[in-house]
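Notes for the one structure printed next.
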Amino acid sequence: MTTASPVLDVQRIRADFPILSTTVHGKPLVYLDNAASMQMPRQVIDRFVRYQSEEHANVHRGVHHLSQTATMAYEGARETVRAFINAASVKEVIFTRGATEGINLVMHAWGRSNVKAGDEIIVSTLEHHSNIVPWQMLCEDTGAKLRVIPINDAGELDMAAFQALLNAKSKLVAVNHVSNALGTINPVADIIKLAHQAGAMVLVDGAQAAPHLPIDVQGLGADFYVFSGHKLCGPTGIGILYGKQALLEAMKPFQGGGDMIRSVTFEKTTYNDLPYKFEAGTPAIAAAIALGSAIDYISAIGMDKIAAHEHMLLERATRLVGGLKGVRLIGTAKAKAAVLSFEVEGVHPHDVGTILDGEGIAVRAGHHCAQPLMDRLGVPATARASFAFYNTPAEVDALVRGIQAVQEIFA
Ligand code: 7TS
């Protein structure tokens, strides 16, 4: 059985992740639910613990030593994120609770001032609920209309239909960079160009792209770009909203409170500079610092090598799982990140997930928070294996054996 990777020393990398050498139901853990959340290497866990044990105080407040140390580490993490996504300035990098909060921030702080009755917001059939529901809420409150980019049966956006949707009423296009349910990599650079030609803003949901592809927000020309730390080897409760400086400057705050103000009287409050204007209250300091450490860890491996290794895993999984009789792959786009959604004939995806769990194999079974996509594909749910750079070809093979075990039980 091949376990080697031509591009990465995966065994050395795996040794950094304590959870990857644990067992589940007496079997070695095969963790293939990375699209839901990735695991953390010891370096990131240690950074989190070191901050809490030696450096913790509130940020942007104290003259005392610890507060200054914490502030420097927190702002250092912001600079790490800026470089990672190639933003022009740290003023454009807002710490949020995650991708979901980033989208909701834009919906409230940009949407409520810029979208009115008769305007149109364009999303795609591939969206996660977090990039659908906030826009529906905005439409409900403003009288704007939600328009949807259709897909083909392979799970690719219909770009001709997208162009036909664009018109003078289009205010915002909100699309994901990579689909969480199918793995489709969307042509976001083209989408942004076309949207801008029509005068629309673009929000890119990069929750599934940031862990797998190099991100260049300036190169893309994105107006807003969001992602979550926990899908990127970081902790939960932290994420990033990137926004172009001029847009963020023009926007009203999202939440009011400490840190986001310059001066407060009962008559009038003036707001702080970017990025603090959008960071009301004490932030998730330890999580932000650990996210910076996660980005350092990933960057040291190299995004190009990560993408090449994961592509190899995806090809192997596509060939071997797709080659099983009675298994149908769902989502066969030409450009894909390492996500494999599938159906085992005659077996509900939840049963597939439960039986695989018994073998120590963690996959997600369900609608993947993409119910409109499931409806379009005519399935209630799928089983989904999603790979990370620490997964091995041997784990792909374990998945194949696990699916065969499912088929034997239901034969
Ligand atoms: N957008 C996409 C494309 C996602 O995949 C997810 C989470 C989110 C937004 C929301 O991220 P959060 O961190 O704010 O919750 N996707 C998944 C998934 O595929 N399985 O579990 C969560």
Hits in the range 107-129 (condition: within 16 Å of the ligand (Cβ to nearest atom) and either surrounded by fewer than 21 Cβ atoms within 10 Å (Cβ to Cβ) or not small (G, A, S) (or both)): M107, H108, V123, T125, L126, E127, H128, H129
Of (1) among the aliphatic types (A, V, I, L, M); (2) closer than 19 Å to A168 by Cβ; (3) in contact with a Pro (Cβ under 8 Å, 6 or more places away or on another chain), I132 satisfies every one except (2)
Looking at the range 219-233, I want the residues that are under 16 Å from Q197 (Cα atoms) and among the small types (G, A, S) and have a partner that is assigned to a helix (DSSP H, G or I) and within 13 Å of the ligand (Cβ to nearest atom) with Cβ atoms under 8 Å, at least 6 apart or on another chain. Which pairs are those? A222/V188
Count - residues of the range 169-186 that are within 8 Å of the ligand (Cβ to nearest atom) and either surrounded by fewer than 24 Cβ atoms within 10 Å (Cβ to Cβ) or assigned to a strand (DSSP E or B) (or both): 2
Show the residue pairs that are 6+ apart or on different chains and have beta-carbon atoms under 6 Å apart, the first residue being within the range 88-106 and within 14 Å of the ligand (Cβ to nearest atom), the second being modelled with pLDDT of 95 or more and of a type in the set (V, I, T). A99/V226; G102/T96; G102/V226; I103/V226
Taking the stated definitions as given, is T23 under 22 Å from A362 (Cβ atoms) and either in contact with a Lys or Arg (Cβ under 7 Å, 6 or more places away or on another chain) or more than 16 Å from the ligand (Cβ to nearest atom) (or both)? yes
Considering each of V63, V49, V59 in turn, give the residue that is in contact with a Phe, Trp or Tyr (Cβ under 6 Å, 6 or more places away or on another chain) and more than 30 Å from E359 (Cα to Cα). V59
Of the residues F410, F342, F387, only one is closer than 30 Å to Q43 by Cα and of a type in the set (A, V, I, L, M, F, W, C); which? F387
Scan the range 343-366 for residues that are crowded, with 18+ Cβ neighbours inside 10 Å, assigned to a loop (DSSP other than H, G, I, E, B) and not charged (D, E, K, R) and jot them down. V347, G360, V363
From the list L324, L320, which one is under 26 Å from H25 (Cα atoms), in a loop (DSSP other than H, G, I, E, B) and either in contact with a helix residue (DSSP H, G or I) (Cβ under 9 Å, 6 or more places away or on another chain) or at pLDDT 95 or above (or both)? L324
Can you tell me which residue in the range 130-141 is nearest to the ligand (Cβ to nearest atom), limited to those that are part of a helix (DSSP H, G or I) and closer than 12 Å to T100 by Cβ? S130
So Y31, is it at negative phi and within 16 Å of the ligand (Cβ to nearest atom): yes
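The values are calculated or read from the model by the stated rules, or taken from the named source; none is laboratory data. Just so we're clear, the structure is a prediction, and the values are computed from it rather than from any experiment. FYI the Cβ positions are ideal-geometry reconstructions off the backbone, even for glycines, and counts take in every protein chain you see.
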